[in-house]
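Have a look at the structure below before the remarks.
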Amino acid sequence: MGRVAVLDIIIMAIVGAAIGWFTNHLAIRMLFRPLVPWKLPLIGIELQGLIPKRRRELAVSIGLAVEQQLFSASDIVNRLVEGENKQEIISGIRHKVLNVIEEKIPSIIPGAIRNAIVSKIGSVFDKEIEGMFDSMMEDNIHKAVSRINIREIVEEKLNSLDLMELESLILEIMGRELKYIEVLGGVLGLLIGIMQGLLLLFI
């Protein structure tokens, strides 16, 4: 294999890599650009980035995916009223209720008796409150869930974003993956260039 032939293969590999990288880079850019519809002169064909053109459809799809596959309104409400959060709420209610009761007991009643009354009410409260809390929260959860629509919230947020903000958000989330796609295009172009060079050499 002569030096010229090797040089030709190297040149074709470099050109192939450049074309592969550039075409993938251009395809990724065309996901976002042009941000607003732009007509080609004479031809009259209208160009607009895929994401700006179909942002409302994308917002609907993302909203549904978030609600159905990630979390729903009931998940959020349940998380707020379970485990440590639940105990903190019950503890706060207990503290306020017993404080109010203690304040309402006439001061003429001796302290020992006042303490015994508060202690007795506290023990009853501890036995009953969790069941009452669960029953009350179950009703409130159903009411809250009926009022909260995660899908609509996500849709409204995405549709309210400026197109530049939406582009920055997507690039921030998927920037690394999109770079990999560009690099992959360059690698494939490089391999194709080498294969073409070898084919031309042996034909």
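The values are calculated or read from the model by the stated rules, or taken from the named source; none is laboratory data. Remember, predicted model here, so these are calculated numbers, not experimental data. Cβ atoms come from the backbone with ideal geometry, glycine included; neighbour counts cover every protein chain shown.
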*Of the criteria (1) farther than 30 Å from G122 by Cα; (2) modelled with pLDDT under 70; (3) surrounded by 11 or more Cβ atoms within 10 Å (Cβ to Cβ), which one N78 fails*: (1)
*List, please: which pairs have Cβ atoms under 6 Å, are six or more places apart or on different chains, and start with a residue in the stretch 189-201 that is modelled with pLDDT under 85 and end with one that is β-branched (V, I, T)?*
G197/I9
*Which residue pairs have Cβ atoms closer than 6 Å, lie 6 or more positions apart in sequence or on different chains, and pair a first residue in the stretch 88-100 that is closer than 19 Å to N115 by Cα with a second residue that is part of a helix (DSSP H, G or I)?*
R94/F125; L98/V118; L98/G122
_Among (1) part of a helix (DSSP H, G or I); (2) at pLDDT 80 or above; (3) surrounded by 12 or more Cβ atoms within 10 Å (Cβ to Cβ), there is one condition E57 misses while meeting the rest; what is its number?_
(3)
